[in-house]
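Read the structure below first, then the notes.
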Amino acid sequence: MSLDLLLGLQWGDEGKGKIVDAITPDYDIVARFQGGPNAGHTIEFNGHKHVLHTIPSGIFNKNSKNVIGNGVVIDPAIFLTEINGLKKFNLDINNKLLISKKAHIILPTHKIIDASSEASKGKKKIGSTLKGIGPTYMDKTGRNGIRVGDIVNNNWEKKYQILKKKHLKLISNFKQTTNLNLDLLEKEFFRGIKCIKSFNLIESESYLNNSILKGKKILAEGAQGSLLDIDFGTYPYVTSSNTTSAGACSGLGVPPNKIKNIRGVFKAYTTRVGSGPFPTELSNQIGEKIRDVGHEYGATTGRDRRCGWLDLVALKYSIQINGITELNIMKSDVLSSIGKISVCISYNIDGKQIDFFPYDISSKAITPNYKVFEGWNDDITQIKYEKDLPKELIEYINFIESFVDVPIKLISTGPDRDQTIFRNK
Ligand code: IMP
């Protein structure tokens with residue numbers, strides 16, 4: 001059959017986990033293709049709230065297989081904790097989860113490098129989740145990395161020791177060090193390695209392509225968001241992988257002509273965690289209210305997320321570079337009772353109006369131009385049909401849709417799987 005993609009279109013935390021979980025009954029396989037435990041995909045159902053970091057969000061669906069693709073970086077210690085956390089759900093996880101032999105492994109020293117590098121940057125820090133993501137991808141592109149396929153060889157620890165020694169030398173050069181305890185990290189790491197070895201380690205590119213030939217439906221689940229993409233995001237305040245649709249091809253080994261639908265997920269407003277430019281940020285009471293009502297605290301780090309208005313210039317850019325075919329709007333319930341709602345439709349830079357996402361959005365001279373909408377006061381969290389939504393919300397949604405020229409096919413009205421309105425567009 002074919003492959004559909006699901007991607008975040010902002011700076012991450014758009015609610016991708018909820019959507020993957022809600023639509024997995026339509027898919028035979030869910031596959032993660034990039035990033036690692038910097039992601040925190042939150043899923044709520046039947047009174048449970050669960051956060052996944054490395055494991056695909058299709059894991060709770062009885063019938064779907066879940067694949068950790070070659071583009072993902074895996075922290076064995078976090079992986080083990082995730083597996084233990086899933087035990088209470090009786091998921092037959094060893095049968096449901098498959099791991100690419102080509103995925104790279106995050107070493108304890110990668111985490112120390114990440115922390116030391118960030119601390120040494122001072123005010124210029126990226127705001128990394130400190131999970132060792134950047135240093136692991138650096139070793140991947142530097143052709144020094146250790147892959148899942150290596151750990152089944154008896155002499156892989158020799159390779160580990162050589163890389164560790166190299167890392168320790170690098171760490172000693174940083175101005176700032178961290179208080180992470182390497183011995184302790186290594187203990188957890190080797191326990192995690194044992195756990196990874198107990199799974200089906202596969203050539204996931206063959207598995208996925210053969211599955212397509214057999215008529216299976218696959219969903220590729222993105223992590224982070226397009227504006228954090230290493231090439232197209234707000235560099236250097238980005239993550240270290242391609243979070244955009246091209247990343248699904250290289251992170252799974254599935255060719256572009258097999259991709260069918262590309263679903264883009266965005267919030268009715270914008271958030272960003274960590275450093276970096278954010279033209280529509282609200283450093284006022286409205287921003288605080290959005291954070292409070294929307295529980296905008298990092299699922300991985302617990303940090304406050306910065307909140308602001310929806311930026312349609314940025315959204316249009318993300319839609320363009322990903323080839324989005326349908327949109328899903330999340331957390332529209334958070335905007336209830338907020339008063340008038342603004343949405344950015346262009347920027348002013350140095351007195352000039354522009355309607356595209358420029359090379360550099362960090363300049364203080366950049367100001368958003370807003371269109372203002374009437375708000376609504378109704379609680380929409382129990383509404384099941386679009387016709388019952390407040391007319392102001394529908395106006396807001398219709399405007400977004402016509403501005404970006406892509407249909408919004410799903411409206412999320414709360415965190416639970418059931419708080420989802422599918423639109424027949
Ligand atoms: P790293 O990927 O942990 O190195 O973090 C790089 C930047 O991406 C930082 O600003 C992080 O806050 C941000 N980031 C990484 N993963 C996520 C995510 O899953 N959601 C939101 N922001 C993220």
_Considering residues of the stretch 289-312 that are assigned to a helix (DSSP H, G or I), in contact (Cβ under 8 Å) with a residue 12 or more places away in the chain and open to solvent by 10 Å² or more (accessible area, probe 1.4 Å) only, the residue farthest from the ligand (Cβ to nearest atom)_ = Lys289
*asked:* I'd like the full set of residues that are in contact with a strand residue (DSSP E or B) (Cβ under 6 Å, 6 or more places away or on another chain), part of a loop (DSSP other than H, G, I, E, B) and open to solvent by 10 Å² or more (accessible area, probe 1.4 Å), limited to the stretch 61-101.
replied: Asn70, Lys101
_Unmet requirement for Thr243, which otherwise passes all of (1) out of contact with any helix residue (DSSP H, G or I) (no Cβ under 7 Å at 6 or more places or on another chain); (2) part of a loop (DSSP other than H, G, I, E, B); (3) open to solvent by less than 30 Å² (accessible area, probe 1.4 Å)_ = (1)
*asked:* On the basis of being touching a helix residue (DSSP H, G or I) at 6+ places or on another chain (Cβ under 8 Å), assigned to a helix (DSSP H, G or I) and away from the ligand (no atom under 16 Å from the Cβ), does Lys158 make the cut?
replied: no
*List the pairs whose first member sits in the stretch 34-57 and is farther than 17 Å from Trp11 by Cα, whose second member is at pLDDT below 95 and near the ligand (Cβ under 9 Å from one of its atoms), and whose Cβ atoms are under 6 Å apart, counting only residues at least 6 apart or on separate chains?*
Val51/Gly40; Val51/Ala299; Leu52/His41; Ser57/His41
*If you take the residues in the stretch 45-55 that are modelled with pLDDT under 95 and touching a strand residue (DSSP E or B) at 6+ places or on another chain (Cβ under 8 Å), which one is surrounded by the most Cβ atoms within 10 Å (Cβ to Cβ)?*
Leu52
*Find all pairs meeting these conditions: Cβ atoms under 6 angstrom apart; at least six residues apart or on different chains; first residue within the stretch 13-25 and farther than 13 Å from Asn66 by Cα; second residue of a type in the set (D, E, K, R) and away from the ligand (no atom under 16 Å from the Cβ).*
Ala22/Arg417
_With the structure loaded, tell me whether Val30 is closer than 30 Å to Lys187 by Cβ, not in a helix (DSSP H, G or I) and not basic (Lys, Arg) or whether it fails that test._
no
_Condition broken by Ser120, with the remaining ones in (1) part of a helix (DSSP H, G or I); (2) touching an Asp or Glu at 6+ places or on another chain (Cβ under 7 Å); (3) open to solvent by 20 Å² or more (accessible area, probe 1.4 Å) satisfied_ = (2)
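The values are calculated or read from the model by the stated rules, or taken from the named source; none is laboratory data. Owing to the predicted nature of the structure, the values given are computational and were not obtained by experimental measurement. Glycine also receives a Cβ, built like all others from the backbone with ideal geometry; neighbour counts cover every protein chain displayed. For the accessible areas, the whole protein counts, side chains as well, though only heavy atoms, and no ligand, DNA or RNA atoms are used. Shrake-Rupley method; radii C 1.70, N 1.55, O 1.52, S 1.80 Å.
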